[in-house]
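Written out below as structure tokens is the structure these notes cover.
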Amino acid sequence: MSGKVTTATIRQMKSEGKPITMLTAYDYSMAKLVDDAGIDMILVGDSLANVMLGYDSTLPVTMDEMVHHVKAVCRGADRAMVVADLPFMSYQVSKKEALRNSGRFLKETTAQAVKLEGGREIAETVRAIVNAGIPVVGHLGLTPQSVHQMGGYKVQGKDESAAKKLISDARAIEEAGAFCLVLECVPTPLAKLITESLSIPTIGIGAGPHCDGQVLVIHDMLGLYPRSSPKFVKKYVNLHEHMDAALKQYKEEVTARTFPGPEHSFGMSEEVLKKLY
Ligand code: KIV
């Protein structure tokens, strides 16, 4: 556990101007890769619904499904802080439910923090969770759980009133006790202004280079997904292409009986074999 990233580490990184790295992961082997690469924070995002479970929004994923995946991620994360995303309707109904579900993540999975979407309207919920000793990451800008209310996945805070609301929401989430804030799909100058006006770090996704840290969905940045990605995604590798080629080669070799070869097979003594015929 020594060297584990904590909320204190994250606060200190902001005060020292050190960029914070965050990626999503949803299972043990991916979490281990991310952890071994020295990434500071692993988010088990509710994007699990899209990239792992095949839903077309984040809305259907349940607490039980999230807990199952967060547990696996925690087993692979020795150094990185694991943040568990509270899924749609796990915290909106009442503070009591928000507390119970946040508590489930810490008790059942060993995650160190929870994330939830929203501004001033959920500030009291954030305060209640923090008061229970559970670190909270806020999430503002494009909040995918409100996709129907927002009328689609669009950049947020572009006009004056929307930008002022975002600034005020960010302050409300900071005042409520969140230790970190994700800003998704926010114009670069607005994300800069928010970052400079908060004492807690901002982690951007589609929010430009001035945030205190960056996060991406791992399937997007590794090119694991054949779909077209949003503008803010940088594909560091096209793993889908490599995996597709490997799978097709496997099919060809099995069909042509060139796999398995002697180097993948086990022998036995001729003497024993003779006795079997
Ligand atoms: O669920 C998720 O992956 C997220 C990131 C996009 C920040 O919330």
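The values are calculated or read from the model by the stated rules, or taken from the named source; none is laboratory data. The shown structure was predicted, so the numbers you read here are calculated from the model rather than taken from an experiment. All Cβ positions, even for glycine, are placed from backbone atoms using ideal geometry, and neighbour counts span all protein chains on display. Side chains included, ligands, DNA and RNA excluded: accessible areas come from the protein's heavy atoms. Shrake-Rupley method; radii C 1.70, N 1.55, O 1.52, S 1.80 Å.
Selection among 5, 250, 91 by position relative to the dipole of the chain gives 91 as farthest towards the positive end (Cβ unit charges, Cα centre). Karplus-derived 3J(HN,Hα) values for the stretch 81-87, using 6.51 cos²θ - 1.76 cosθ + 1.60 with θ = phi - 60°, are 6, 9, 10, 9, 7, 6, x Hz; glycine and proline are entered as x. When all protein chains stay in place and ligands, DNA and RNA are ignored, the 1.4 Å accessible-area order of 108, 253, largest first, is 108, 253. A simple spin-label model places pseudo-atoms 7 Å from Cα toward Cβ; at residue 9 and residue 37 they are separated by 1.6 nm. Show which lysines lie in cross-link reach of residue 192 when reach means a straight Cα distance below 30 angstrom and same-chain residues fewer than eight apart are skipped. The reachable lysines, counting only those whose Cα sits under 30 Å from residue 192, are 4, 14, 18, 115, 154, 158, 164, 165, 231, 234, 235.
Treating only the Cβ atoms of Lys and Arg (+1) and Asp and Glu (-1) as charged, compute the dipole magnitude of the chain about its Cα centre; round to the nearest 20 debye.
Dipole size: approximately 340 debye.
The alpha-carbon positions of the chain define a convex hull whose volume is 178 Å³ per residue.
Measuring nothing but how far apart in sequence close Cα pairs (under 8 Å, 6+ apart) lie, relative to its length, the chain scores a relative contact order of 15 percent. Applying both filters, DSSP loop and at most 11 other Cβ atoms within 10 Å, to the trypsin sites (Lys or Arg not before Pro) of the stretch 192-277 gives 227, 231, 234, 257.
For the stretch 57-155, which chymotrypsin sites (Phe, Trp or Tyr not before Pro) pass both filters: DSSP loop (anything but H, G, I, E, B) and at most 15 other C-beta atoms within 10 Å?
Loop-located and lightly packed - 153.
Here the simple spin-label model places points 7 Å from the Cα toward Cβ, and for residue 108 and residue 255 these points are separated by 4.4 nm.
Size descriptor for the stretch 159-225, Kirkwood hydrodynamic radius: 12.4 Å (Cα pairs only, one decimal).
Note on residue 55: accessible area is roughly 90 Å² with a 1.4 Å probe, heavy atoms of protein only.
Counting 0.36 nm for each residue step from residue 269 to residue 96 and taking away their Cα separation leaves a gain of 55.5 nm.
Of 232, 259, 179, the residue with the greatest mean-square motion in the GNM of the chain, using alpha carbon springs below 10 Å, is 259.
Which angle from 0 to 90°, rounded to the nearest 10, does the C-alpha axis of helix 239-255 make with the longest principal axis of the chain? The two axes meet at around 20 degrees.
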